[in-house]
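The values are calculated or read from the model by the stated rules, or taken from the named source; none is laboratory data. Nothing here was measured: the structure is a model prediction, and the numbers come from that model. Note that we place each Cβ from the backbone using ideal geometry, even for glycine, and neighbour counts take in every protein chain shown.
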DNA sequence: ACGTTGGTCGCAAACGGTTTCAGACTTTCG
DNA sequence: CGAAAGTCTGAAACCGTTTGCGACCAACGT
């Protein structure tokens, strides 16, 4: 059986209260007794029971993280950031995967709410009003989206899109396609909007290609539409979609970037491994994870009126091999 | 403030003891009072505090999972399986990422041990003796390796290798390279050994190509060695390594599978997205995750003498596009 | 010499549940 | 109709920790 605070107290010849103080408020006890307590604790290998502590302090030292899909490399990177930051702050993190089902989300929030100090919600698809109701019990911070006045950390999607579009415009592209992600995705909306603004400002034609699932297969399905649209460049909602595009273009023998330039978004690991390597707008996934627990922790420690409730992280275009100068005569119409 | 059991008791006009019984041992209370209690609980939105319950029952309802790298799609899939199974059993899971550092592992185990009923350890690299010492406090089950008599769930790596090698032999390959993973990896050792046995039995030459990090870059680095070895086929430790091979072979203009056949291992999602799609031996990652929590839970519920302590899941070769009949004259020596 | 500090430390009451034990209330049977 | 047996229920102890309050002691100022 694991040693309790009573065991340490007995071994050190003091009361439990003194042990507790010696360990967590060291300057309230005389150095001599503190040393005795510490020695006894070390000797017995005592580690305080966090559940018991949480019972009385109201703080569990646990964080919760809810993501739509752990197998998605984007979220995997975010999770790593969250995990590292939580660990640095001596917190543990519960993780839950909704499997892209919004209905599971509310259940998970309820299940976790009691066991954590705060919750990080990665919920790209759920409608605003649903998010507003969820989690009245715990403090929750949103990641990668905003909804109402919920605290959140996001990335500057619009600016990323601007960078991508200006890059393409500088290469001479005048007609650019955007392969949209899920209709209900918050970040997709952000990216679309940023793109429209920049396109108008830069005088390039923006053609909107349907909504596709944010996966490789989505890109495969979208490729032919993009080609038929006569665009000389395409920006994908996602790196996965971009890779799907690349794959399908390869099958059709359409050279990238000579006939069509492709740029992705997110900069997931495997985007550097494609052929040619994918030009993409990089979003700081790990940093976003870290920033989110930072925000959450400051919220918990300092109350809701400490510092800004929203943080927006910069994005950055990374030019690799899939973008090049526009072909002389645009491949308008049937290109093959 | 969240309602406690006392609030429910007051609302239902009974004592806390009755509320506790009505909710967790329903047939010990008269149906009428049970109904009153349930109504009151629902009315107030009462949810028992798991920490408080754990304090007295000794069970927290939490599981811990330690993996070397969440961003590795292999582990991401495992985590999904673990998470789903835990949730189905009404447990939550703590997750921790060691970032491939064995030293962090012991710390994490210690940190988590107190907060969980059981621990799942995914520790491919740590030496056996280190694993033996770790986690005397909690019940831990190993995943994807065995060490001592620790309970574990693994996959039949050797048989997977046999399938791969027989497939290649049937295609006429007589000289096959194996690109080895990390020297200290348990599953790498398993795969090597299975391969050697099958190679001997099947009369094919097996050439062992160095140890490489189990990533895309490892495959890129290994490719030239493979080509120089004169092998007409290569089996990679990993899908990631296999994809790296594919990429480098593509750059060098060596056609796959016409000049060289490639087979990977794990069947991670993106292996179906390569060009051509990767032939690979599929390991049931989700199922392994589920099986591991199944084993862990049965260990917790029935004690250590219930059922087998080890489970081995089958692997299966998935033939896709990167394997074909051996070239007539093997590309021995400089091929280009 | 004596109240007043100020610094240490112990006692005991929480926190929110579960579980033992015994009492109260039925029911059944002689 | 009374006692024995059985069924429900409540009081209280307990899990391991924190913390308010008071006791004790040395030093200090007057």
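All of (1) under 17 Å from residue B:322 (Cα atoms); (2) more than 14 Å from chain A (Cβ to nearest Cβ) hold for residue B:188 with one exception: (1).
Listed by position, the strands (runs of 3 or more DSSP E) enclosed by segment A:23-132 that each have at least 3 residues that are more than 8 Å from every other protein chain (Cβ to nearest Cβ) are A:62-67, A:118-121.
In this structure, does residue A:72 turn out to be more than 9 Å from DNA strand C (Cβ to nearest atom) and under 22 Å from residue B:58 (Cβ atoms)? No, not satisfied. Only one of the numbered conditions (1) away from DNA strand C (no atom under 16 Å from the Cβ); (2) in contact with a strand residue (DSSP E or B) (Cβ under 9 Å, 6 or more places away or on another chain); (3) on the phi > 0 side of the Ramachandran plot is not met by residue A:61, and that is (1). Of B:291, B:326, B:242, all but one fail to be farther than 27 Å from residue B:72 by Cα and in contact (Cβ under 8 Å) with a residue 60 or more places away in the chain; the exception is B:326. With respect to the conditions (1) at pLDDT below 95; (2) in a loop (DSSP other than H, G, I, E, B); (3) crowded, with 24+ Cβ neighbours inside 10 Å, residue A:322 falls short on a single one, namely (1).
Taking the criterion of being over 15 Å from the mean Cα position of the chain (by Cα) and away from chain A (no Cβ under 14 Å), the residues of segment B:256-268 that qualify are B:257, B:258, B:259, B:260, B:261, B:262, B:263. Return yes when residue B:89 is touching a helix residue (DSSP H, G or I) at 6+ places or on another chain (Cβ under 8 Å), touching a residue at least 12 places away in the same chain (Cβ under 8 Å), more than 15 Å from DNA strand D (Cβ to nearest atom) and closer than 26 Å to residue A:54 by Cβ and no when it is not. When the stated conditions are applied, residue B:89 passes them.
Restricting to segment B:269-290, give me the number of residues that are assigned to a helix (DSSP H, G or I), out of contact with any helix residue (DSSP H, G or I) (no Cβ under 8 Å at 6 or more places or on another chain) and within 20 Å of residue B:187 (Cβ to Cβ). The total comes to 0.
Kindly provide the set of residues from segment A:269-284 that are crowded, with 24+ Cβ neighbours inside 10 Å, closer than 21 Å to residue A:79 by Cα and within 14 Å of chain B (Cβ to nearest Cβ), ordered by number. Across segment A:269-284, the qualifying residue is only A:271. Going residue by residue through segment B:297-308, is there one that turns out to be under 14 Å from the mean Cα position of the chain (by Cα) and surrounded by fewer than 24 Cβ atoms within 10 Å (Cβ to Cβ)? Within segment B:297-308 (the criterion being under 14 Å from the mean Cα position of the chain (by Cα) and surrounded by fewer than 24 Cβ atoms within 10 Å (Cβ to Cβ)), the answer is no, since none of the residues qualifies. The residue that is surrounded by the fewest Cβ atoms within 10 Å (Cβ to Cβ), among those in segment B:34-58 that are within 9 Å of DNA strand C (Cβ to nearest atom) and in contact (Cβ under 8 Å) with a residue 24 or more places away in the chain, is B:47.
So that you can scan it fast, the table gives a plain yes or no per residue for (1) more than 30 Å from residue B:53 (Cβ to Cβ); (2) out of contact with any helix residue (DSSP H, G or I) (no Cβ under 8 Å at 6 or more places or on another chain):
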| site | (1), (2) |
| --- | --- |
| B:97 | no, no |
| B:110 | no, yes |
| B:119 | no, no |
| B:138 | no, no |
| B:142 | no, no |
| B:174 | yes, yes |
| B:179 | yes, no |
| B:185 | yes, yes |
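Among residues of segment A:4-16 being crowded, with 16+ Cβ neighbours inside 10 Å and in a loop (DSSP other than H, G, I, E, B), the one that is farthest from DNA strand D (Cβ to nearest atom) is A:14. Just one of A:128, A:117 is surrounded by fewer than 22 Cβ atoms within 10 Å (Cβ to Cβ) and over 21 Å from residue A:57 (Cα atoms); which is it? Just a single option satisfies the conditions, and that option is A:128. When you go through B:29, B:67 one by one, which is the residue that is within 8 Å of DNA strand D (Cβ to nearest atom) and surrounded by 14 or more Cβ atoms within 10 Å (Cβ to Cβ)? Going through B:29, B:67 in turn, the sole match is B:29.
One residue alone among A:249, A:206 is touching a helix residue (DSSP H, G or I) at 6+ places or on another chain (Cβ under 8 Å) and within 13 Å of another protein chain (Cβ to nearest Cβ), and that residue is A:249.
Can we say residue A:44 is in contact with a helix residue (DSSP H, G or I) (Cβ under 9 Å, 6 or more places away or on another chain), within 25 Å of residue B:51 (Cβ to Cβ) and within 8 Å of DNA strand D (Cβ to nearest atom)? No, not satisfied. Annotation note: Cβ proximity below 9 Å between a residue of segment A:223-235 that is modelled with pLDDT of 95 or more and a residue that is assigned to a helix (DSSP H, G or I) and surrounded by fewer than 16 Cβ atoms within 10 Å (Cβ to Cβ) (sequence gap 6+ or interchain) occurs for A:223/A:251.
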